[in-house]
1. Assuming a ≥ b ≥ c are the square roots of the Cα gyration tensor eigenvalues, decide whether the stretch 38-86 counts as rounded (a/c under 1.5), prolate (otherwise, with a/b larger than b/c) or oblate.
2. Please compute the net charge surrounding residue 275, taking Lys and Arg as +1 and Asp and Glu as -1 over other residues with Cβ under 13 Å from its Cβ.
3. Quick one: what are the phi-derived ³J(HN,Hα) couplings along the stretch 211-226, Karplus 6.51/-1.76/1.60 with θ = phi - 60°, whole Hz, x for glycine and proline?
4. Rounded if a/c is under 1.5, else prolate if a/b is larger than b/c, else oblate: which is the stretch 27-336, with a ≥ b ≥ c the root eigenvalues of its Cα gyration tensor?
5. Can you work out ³J(HN,Hα) from phi for every residue in the stretch 24-29, in order, using Karplus 6.51 cos²θ - 1.76 cosθ + 1.60 and θ = phi - 60°, giving whole Hz and x for Gly and Pro?
6. From Cα pairs below 8 angstrom and at least 6 apart in sequence, can you work out the relative contact order of the chain, rounded to a whole percent?
7. What does the charge add up to near residue 190, with Lys and Arg as +1, Asp and Glu as -1, over the other residues with Cβ less than 13 Å from its Cβ?
8. What is the calculated FRET efficiency for residue 297 to residue 158, with r their C-beta to C-beta distance and R₀ = 41 Å, to the nearest 0.05?
Amino acid sequence: MHNRSWCWGWFGALLLACLPVGAAVPALPRMGADLSQTTVSGLSSGAFMAVQLQVAFSSRIAGVGVVAGGPYYCALNSVFFTWQCMGQNPLLPPNASLRAGFARDRAADGRIDPLEHLTARRVYVYSGTRDNIVRPLAVDATVAFFEEVGVPTAHLRYVNDIPSGHALITTGQGRDCADNASPYINHCQVQGQAYDQAGDLLTHLLGTLQPPSAQAQGNLLKFRQRGFAPASSSMAAAAYLYVPPACQPVGSRCRVHVALHGCAQSVTKVGEVFLRDTGYNRWADTNRILVLYPQVDALEPRNPQGCWDWWGYTDSRYADKAGVQPRAIMAMVRRLGLRRPGDDF
């Protein structure tokens, strides 16, 4: 794809011409997606960001998957609290009630959506019993936070009995189950069956789904992300969109899922393994789901590991609707929908 001319066929109506070798990275296309069922998930720092997106934009995001992430506003705008929020102090786990109080204050100030929307949202949370990077007691606080802000028990799924390390779990890709190492994609067995985390997560958020394709059949599109966020945000110049065959006609009204990588897990760090090996695309193929893969890279000295901002390295609004990274991600989601008067992109 990177070393030859690429004629995108159905994308011709969007781009007006085929792109020759060396052409500029194209803009994110408008897909006419159904944004009413937009969901988000992430691993590690991507999980912290997924929580921030769900809470800040609860009127627009229908559900969240949290894989090894802590509660909303956990670090209290300070890198000092990141150690606690990763569960590294067994005597001082994150206080879920305190974070719920901050969420209520932000909602009252209009910095995030009213928390009442969360009562209709679905939440999947995962913690591997052998995760030594974001330990289970930190993830326990995430579950307690969502309970505090009104997510019904029936809408909350907590998987915390699989002996995995710090990783997204696949049916066969990546490292051994208990590993805590790059690229943070592992495969695990549960009662003799491979655990399909992408399928479990998406089914909980969206309801009954069709079985996944054996192999991904769609197109992975690289697009310009810089128009949505400046380099100072630590967001990369380019990001990716997976488009299943059923979603290729513009206006096909597919759903959108935002999948957020963890620290040191961007394309710059590990290539396309997060984009191709985590299982989202196979489920997207058979269930009419566009998968958006935003990217964040290292930014010295504030973000040397290429993490999403969950402690305030961009600015103090990082967990609010006005935060540069949340705002950029939601602008990308909006672009995937139908054009509306007043859109900036």
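1. Working: a/c = 3.45, a/b = 1.76, b/c = 1.96.
Taking the square roots of the gyration eigenvalues as a ≥ b ≥ c, the stretch 38-86 is oblate.
2. Details: positive: 222, 269, 276, 282; negative: 272, 277.
Overall, the nearby charge balance is +2.
3. Along the stretch 211-226, the couplings run x, x, 5, 5, 9, 4, 10, x, 10, 9, 9, 8, 9, 6, 9, 4 Hz.
4. Details: a/c = 1.29, a/b = 1.13, b/c = 1.14.
Taking the square roots of the gyration eigenvalues as a ≥ b ≥ c, the stretch 27-336 is rounded.
5. Each residue of the stretch 24-29 in turn: 4, 4, x, 6, 5, x Hz.
6. Values: 813 pairs, mean separation 75.6, N = 345.
About 22 percent, as a whole number.
7. On the way: positive: none; negative: 161, 196, 200.
With Lys, Arg at +1 and Asp, Glu at -1, the net is -3.
8. Working: r = 32 Å, r/R0 = 0.77.
Result of the calculation: an efficiency of 0.85.
The numbers here are math on the coordinates, done by the rules we state, and not lab data. All figures in this text were calculated on a predicted structure; none of them were measured in a lab. Ideal geometry is used to build each Cβ from the backbone, glycine not excepted, and the neighbour counts take in all protein chains shown.
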